[in-house]
Amino acid sequence: MSFRTYLILFLSGLILPIIIAQFQPIPGYLDSDYYFAGGIQLVNGNGFTEPYLWNYLDGTTSLPHPSHTYWMPLASIVSALGMWVMGQTTYASARLPFIIIAALVVPVTAALAYAFSKKREVALISAVLAIFSVYSAPFVGVTDNFSLFMLFGGLYFIFVTKLVEDPSRHRYWFFLGLLSGLLSLSRSDGLLWLAITFLFLLWLAPKTNFSLFTSYAFRVSVLALLGFLLIMSPWYARNLSTFGTLMAPGGSRALWLENYDQTFIYPPESLNREAFLSTGWKEILSDRLWALKLNLQSGFAAHGGIILFPFIVAGIIYFRKDERVKLAAIAWLILFFVMTFIFPFAGARGAFFHAGAALQPMWWVLAPLGLDEILLSLRKRNWGDDRTRVIFQSSLVMIAIILTVFVVNLRLFTLGWGEDEIDYPAVEEFLLKNGVEAGDIVIVRNAPGYYVETERSAISIPYGGANAILAAADQFGANYLVLESKAAISLIESNPQNDNRFMLLGEVNDASIIKIDN
């Protein structure tokens, strides 16, 4: 297809994220707040440090502390780039690159579809599906990893296509390594894409004789690894310098979660293998069956876009011998396994939805192809004609558009964007009237969000009830507690307001403001 067509698709891809952005004045949820706050720190010259703490798993004992010890830094770097270019630390500036990246996903998806099918109409349908992405639509333009993963995933499979067409073009292995690095710098589970790359090269390597196989596998492995390390080595060097390990320390304890709320456990040392195994295998299996159910639902609704799902499955079946389809299916199964059986709580609570974004361009390609193959098989049975094909293709696109409008309306207006967030500026104003000092630390549900809106240091409400709150307050010198009505953490068996170290100062918009006696 022509450059002009791709340019039109890119410009078309800007429209929906820009419209949605008008109704998202704030990040709206913890992940987006966190990456935005990290970008602010970078732009302000504070480097990879944080005057807030959203979980305690890295063993941090004071503020400020090293940043991105659980989540990876690329979304914060991209946020900082937007604010640096615009010369202001506003959310609108921070999200600008993400809107542009979301728009780039559209022509990249079209290019992948055209490389796959050599059909212009399939490429255009896939591009429209990338614009009207149903469950992903409210999130592709925010300071998070959705659009980054979609872009890198789409480019990844374009280079996979180049290698399938001609395995001798070794430079594309270097590009796969680069993209694996970018995926890893975006999310911890992005590291799986390096393993997927190595798996792909093993089955693409020539099998005529062992010597040729090993020679090819070695050369391209080195190229892929070099590309990966070009992206990741600066971050690994930072981790080695700061923590003494290649990987930041926050994520490893997540292996031993007994429920999602333990992500916020304090002290973190109580989260360990012995405590995990003491729950018993029956409970461990039950948790993973729970995650299995939710992740299957996510695969159908979020990844499959509801209406697209049967046609994606049909595309996988009809093109099951295609190397790209096999790779995409295996990648999805690997992600599904990891997010269901190894990290079930993170996976079921959104990580699988996030991680699967890298495969969305492939699904948007396979959906119209699957529909085409179904209609072709029906025509062989003397049912349907070219007009029928146009009707079904148009119907698929129209239903995807309607579902996207429905989901966007539900997420932005019915549920409300950020409606579960407390009015932190009002809380800060109340605290200032009650003698809060500049260096005082606040305990809240969304610590990065509080910092973004007030520039005050904050830590998250720890899991473990009143004793955990008091222990964290003592360790970090926190002076105030904001109990929010929709907090995800179970605070009580006994109401902390009844403890003599807690003094109720008042309420602001259904939030109780409590002073902690240190």
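Could you please find all residues in the range 475-500 being modelled with pLDDT of 80 or more and either touching a helix residue (DSSP H, G or I) at 6+ places or on another chain (Cβ under 8 Å) or part of a strand (DSSP E or B) (or both)?
ALA478, ASN479, TYR480, LEU481, VAL482, LEU483
VAL106 versus (1) surrounded by fewer than 24 Cβ atoms within 10 Å (Cβ to Cβ); (2) modelled with pLDDT of 95 or more: which is the lone unmet condition?
(1)
If we keep just the residues of the range 348-398 that are acidic (Asp, Glu) and either modelled with pLDDT of 90 or more or surrounded by 13 or more Cβ atoms within 10 Å (Cβ to Cβ) (or both), which is nearest to ALA127 (Cα to Cα)?
ASP372
Would you confirm, using the coordinates I've provided, whether ARG273 is more than 17 Å from the chain's Cα centre (by Cα) and either not assigned by TED's automatic domain parsing to the domain that holds PHE116 or not hydroxyl-bearing (Ser, Thr, Tyr) (or both)?
yes
Pick from the range 240-255 the residues that are crowded, with 19+ Cβ neighbours inside 10 Å and not basic (Lys, Arg): which of them is farthest from MET72 (Cα to Cα)?
This residue is ALA254.
Would you confirm whether or not the range 3-11 contains a residue that is in the same structural domain as ARG253 (by TED's automatic domain parsing) and touching a Phe, Trp or Tyr at 6+ places or on another chain (Cβ under 8 Å)?
no
Among the residues of the range 290-308, are any crowded, with 17+ Cβ neighbours inside 10 Å, in the same structural domain as GLY141 (by TED's automatic domain parsing), at positive phi and not acidic (Asp, Glu)?
Checking the range 290-308: at least one residue is crowded, with 17+ Cβ neighbours inside 10 Å, in the same structural domain as GLY141 (by TED's automatic domain parsing), at positive phi and not acidic (Asp, Glu).
Any idea which residue in the range 427-463 is farthest from GLN262 (Cα to Cα), counting only those that are of a type in the set (S, T, N, Q) and touching a helix residue (DSSP H, G or I) at 6+ places or on another chain (Cβ under 8 Å)?
Looking at the filtered set, the residue picked out is THR454.
Scanning for something of a type in the set (A, V, I, L, M) and under 20 Å from LEU403 (Cβ atoms), does the range 82-103 turn up at least one residue?
So far as the range 82-103 goes, yes, one or more of its residues are of a type in the set (A, V, I, L, M) and under 20 Å from LEU403 (Cβ atoms).
Can you say whether VAL106 is assigned to a helix (DSSP H, G or I) and either closer than 29 Å to PHE198 by Cα or in contact (Cβ under 8 Å) with a residue 12 or more places away in the chain (or both), as far as the supplied structure shows?
Yes, satisfied.
Which residue pairs have Cβ atoms under 9 Å apart, sit 6 or more places apart or on different chains, and have a first residue in the range 364-381 that is among the charged types (D, E, K, R) and a second that is not in a helix (DSSP H, G or I)?
Within 9 Å, the pairs are ASP372/LYS119; GLU373/PHE319; ARG379/ASP385.
Go through the range 286-326 and give me each residue that's over 12 Å from LEU366 (Cα atoms) and outside any helix (DSSP H, G or I).
GLY305, LYS321 - these are the residues of the range 286-326 that are over 12 Å from LEU366 (Cα atoms) and outside any helix (DSSP H, G or I).
Among the candidates ASP166, ASP189, which residue alone is within 25 Å of the chain's Cα centre (by Cα) and of a type in the set (Asp, Glu)?
Sole residue among the options that is within 25 Å of the chain's Cα centre (by Cα) and of a type in the set (Asp, Glu): ASP189.
The values are calculated or read from the model by the stated rules, or taken from the named source; none is laboratory data. The shown structure was predicted, so the numbers you read here are calculated from the model rather than taken from an experiment. Cβ sites come from the backbone with ideal geometry, for glycine too, and all protein chains shown count toward neighbours.
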